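First the structure, in the form of structure tokens, and then the observations on it.
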Amino acid sequence: MTGPVKVRRLTDQEGQRLQQIVRRGSTSTVRYRRAMMLLASAGGNRVPVIAQLVAADEDTVRDVIHRFNAIGLACLDPRWAGGRPRLLSPDAEDFVVATATTRPAKLGQPFTRWSIRKLAAYLRKLHGRTICIGREALRCLLARRGVTFQRTKTWKESTDPDRDAKLDRIEHVLEHLPDRVFAFDEFGPLGIRPTGGSCWAKHNRPDRVPATYRRTHGVTYFHGCYSIGDDTLWGVNRRRKGAVNSLAALRSIRAARPDGDPIYVIMDNLSAHKGTQIRAWAKRHRVELCFTPTNASWADPIEAHFGPLRQFTLANSNHPNHTVQTRALHTYLRWRNANARHPDVLAAQRRERARIRSEKGMR
């Protein structure tokens, strides 16, 4: 019997890149939705949940996941078909792409990056494999293969010595105990200012928000909790992060499963999440804290659900104060939880939980 379809374990670079795309939402719609699918799958969300999250067909989600497992982040960009026959063989195109994505210094060239002119000249002068291609054709080839001129980026590689062990534990509880697993994280800081976004409007007549404002309201942080089994998201806005507020969130999670059986909470590896008071409370109440590795917060399942929260409550908004902003967040959460799953699916889950509880009682 085959297991559920899910992405392979992400590298730190892949996880942070997907998290960046989902949080900013400033890329194309196709890349944004595909990145959300991958990040949600990496966080342990099953295909039906992901399909509901991005409003896509389940087969589409599976295709994206399979394609990522095969070719990596290149699956974010669709490959459109059509056009004139190729003038270069597939092997020659692969060689051009490999050369363009290799630092010139490694190939004995005295510069740190290629230009189109320098790359075309280098390909023409190669011994044993001369490739004659014009600059415009070379530019089109690179664009078609997803190679564009970009600024150099950096990322933080996880230095956590227990990285693999932590990821193994998170994957284990998500796969075998999804009904007992929760996720927690802070979302913010949330300021009071006009925020640009996107909306439907007539051509060249976009909706506008003011560009002038004064930051006199301070900031808040949304302390979010997510139930994997119920696909339910809730939380509260606080003025600051801290152990006291983190403990209050954990207590609300424990209250969601008052049966006293163990539960598992996936959260970031922050000092505000693992103080002595929190660890003692978790031990008394049978709560296992599953920390994500350092600089690998993408492994937290709640991260994928913060993207829509930002896009539909903060982007394209002009909240006058924190009270109105908080009210908008909670109104969206109520709508989201009411429309997250089909009623038949929720009813089936409730019957399954009732059956498991009755079997435990008979023992």
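The values are calculated or read from the model by the stated rules, or taken from the named source; none is laboratory data. None of these values were measured; they are calculated from a predicted model. Note: ideal-geometry Cβ built from the backbone for every residue, glycine included; neighbour counts use all protein chains shown. Accessible surface is based on the protein model in full, side chains and every heavy atom, while ligands, DNA and RNA are left aside. Shrake-Rupley method; radii C 1.70, N 1.55, O 1.52, S 1.80 Å.
Are any residues in the range 24-80 charged (D, E, K, R) and within 15 Å of the chain's Cα centre (by Cα), and if so, which ones?
Once the filter is applied, which keeps residues that are charged (D, E, K, R) and within 15 Å of the chain's Cα centre (by Cα), the range 24-80 yields 24, 31, 33, 34, 46.
Determine whether residue 140 is part of a loop (DSSP other than H, G, I, E, B), exposed (fewer than 15 other Cβ atoms within 10 Å of the Cβ) and not β-branched (Val, Ile, Thr).
The answer is no for residue 140.
How do the pairs read when you match residues in the range 19-47 that are open to solvent by 60 Å² or more (accessible area, probe 1.4 Å) with residues anywhere that are assigned to a helix (DSSP H, G or I) and of a type in the set (Lys, Arg), using Cβ under 7 Å and keeping only pairs 6 or more apart or on different chains?
23/310
Let me confirm something: among 107, 177, which residue is of a type outside the set (Lys, Arg) and over 26 Å from residue 6 (Cβ atoms)?
Going through 107, 177 in turn, just one is of a type outside the set (Lys, Arg) and over 26 Å from residue 6 (Cβ atoms): 107.
Given 148, 154, 102, which one is in a loop (DSSP other than H, G, I, E, B) and open to solvent by 90 Å² or more (accessible area, probe 1.4 Å)?
The unique qualifying residue is 154.
Tally the residues that are of a type in the set (Val, Ile, Thr) and open to solvent by less than 100 Å² (accessible area, probe 1.4 Å), restricting the search to the range 105-127.
1
Within the range 300-341, track down each residue that is in a loop (DSSP other than H, G, I, E, B), more than 15 Å from residue 226 (Cβ to Cβ) and under 19 Å from the mean Cα position of the chain (by Cα).
Scanning the range 300-341 gives 314, 315.
Of all the residues that make up the range 130-161, how many are among the acidic types (Asp, Glu) and more than 25 Å from the chain's Cα centre (by Cα)?
Counting residues in the range 130-161 that are among the acidic types (Asp, Glu) and more than 25 Å from the chain's Cα centre (by Cα) gives 1.
From (1) open to solvent by less than 80 Å² (accessible area, probe 1.4 Å); (2) modelled with pLDDT of 90 or more, pick out the condition that doesn't hold for residue 251.
Condition not satisfied by residue 251: (1).
Being of a type in the set (A, V, I, L, M) and not in a helix (DSSP H, G or I) is the filter here, so list the residues in the range 39-72 that pass it.
55, 56
Report, by residue number, each residue of the range 230-246 that is open to solvent by less than 10 Å² (accessible area, probe 1.4 Å) and under 23 Å from residue 284 (Cβ atoms).
Correct list: 246 only.
Kindly indicate whether residue 326 is at pLDDT 60 or above, out of contact with any Lys or Arg (no Cβ under 8 Å at 6 or more places or on another chain) and open to solvent by 40 Å² or more (accessible area, probe 1.4 Å).
When the stated conditions are applied, residue 326 does not pass them.
Yes/no per residue for (1) modelled with pLDDT of 90 or more; (2) touching a helix residue (DSSP H, G or I) at 6+ places or on another chain (Cβ under 9 Å):
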{"residue": "260", "(1), (2)": "no, no"}
{"residue": "264", "(1), (2)": "yes, yes"}
{"residue": "277", "(1), (2)": "yes, yes"}
{"residue": "280", "(1), (2)": "yes, no"}
{"residue": "290", "(1), (2)": "yes, yes"}
{"residue": "304", "(1), (2)": "no, yes"}
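So, in the range 80-99, exactly how many residues are modelled with pLDDT of 70 or more and either surrounded by 11 or more Cβ atoms within 10 Å (Cβ to Cβ) or farther than 12 Å from residue 145 by Cβ (or both)?
Total meeting the criteria: 10.
When you scan the range 257-299, how many residues do you find that are in contact (Cβ under 8 Å) with a residue 60 or more places away in the chain, more than 25 Å from the chain's Cα centre (by Cα) and open to solvent by 40 Å² or more (accessible area, probe 1.4 Å)?
Matching residues across the range 257-299 total 3.
Scan the range 105-126 and report the pairs whose first residue is part of a loop (DSSP other than H, G, I, E, B) and whose second residue is of a type in the set (A, V, I, L, M) and at pLDDT 90 or above, with Cβ atoms within less than 9 Å and a gap of 6+ or a chain change.
These pairs meet every condition: 111/105; 112/105; 114/100.
Quick one: what pairs do we get from the range 151-166, first residue closer than 13 Å to residue 291 by Cβ, second among the polar types (S, T, N, Q), C-beta under 7 Å, 6+ apart or different chains?
Taking only residues 6 or more apart or on different chains, the pairs are 158/294; 158/295; 160/294; 166/292.
Run residue 130 past the list (1) in contact (Cβ under 8 Å) with a residue 40 or more places away in the chain; (2) open to solvent by less than 90 Å² (accessible area, probe 1.4 Å) and report the number of the one that doesn't hold.
The number of the failed condition is (1).
Suppose the filter is outside any helix (DSSP H, G or I) and in contact with a strand residue (DSSP E or B) (Cβ under 9 Å, 6 or more places away or on another chain); does residue 189 pass it?
Considered against the rule, which asks whether it is outside any helix (DSSP H, G or I) and in contact with a strand residue (DSSP E or B) (Cβ under 9 Å, 6 or more places away or on another chain), residue 189 comes out as yes.
Any residue at all in the range 173-194 that is open to solvent by 40 Å² or more (accessible area, probe 1.4 Å), basic (Lys, Arg) and over 27 Å from residue 77 (Cα atoms)?
So far as the range 173-194 goes, yes, one or more of its residues are open to solvent by 40 Å² or more (accessible area, probe 1.4 Å), basic (Lys, Arg) and over 27 Å from residue 77 (Cα atoms).
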